[in-house]
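The values are calculated or read from the model by the stated rules, or taken from the named source; none is laboratory data. Just so we're clear, the structure is a prediction, and the values are computed from it rather than from any experiment. Protein only, heavy atoms only, side chains kept; ligands, DNA and RNA dropped before computing areas. Shrake-Rupley method; radii C 1.70, N 1.55, O 1.52, S 1.80 Å.
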Amino acid sequence: MTDQETPIQRMGMQMSHATWRNFQWDITATVIYGFFNVIFNQFYVPIAIQHGASSFQVGLLTAAPAIGLIFSPFGRVGLSEPGQDLL
C-alpha cells in the first residue's frame, strides 16, 4: 500500500487522501462564495433602490441567491448520459 492509498484520520472520520483533498476544495469554494455573496448583496440592493426599484424588485434581488440554491440541483438535468442516474 502506498502513502496515497493509506487512509487518514481527519475530523473524527477515516478517509482517503483524495476525499480529504476534495473536502478542502469544497470548503474553500464555500468560503469564497460566501464572501462574494455577502459583499455583492451589500452593494447591489442599495444601488437598485437608488435607481427606483420597487419593493417587490428589491425583495426579489435579496432572495435571488437562495432561489438559485434551491434550483441548483435541477441544473444538472440534461448533462448526464441517457440511462445514467443523476446522483
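Annotations for the structure displayed:
- When residues in segment 11-50 are screened for being hydroxyl-bearing (Ser, Thr, Tyr) and at pLDDT 90 or above, 1 of them pass.
- Checklist (1) in a helix (DSSP H, G or I); (2) open to solvent by less than 60 Å² (accessible area, probe 1.4 Å); (3) at pLDDT below 90 applied to Thr6, failing item: (1)
- Residue, farthest from Phe36 (Cα to Cα), within segment 46-60, restricted to residues that are aliphatic (A, V, I, L, M) and open to solvent by less than 60 Å² (accessible area, probe 1.4 Å): Ala53
- Residue count for segment 66-87, restricted to those that are modelled with pLDDT of 80 or more and open to solvent by less than 90 Å² (accessible area, probe 1.4 Å): 2
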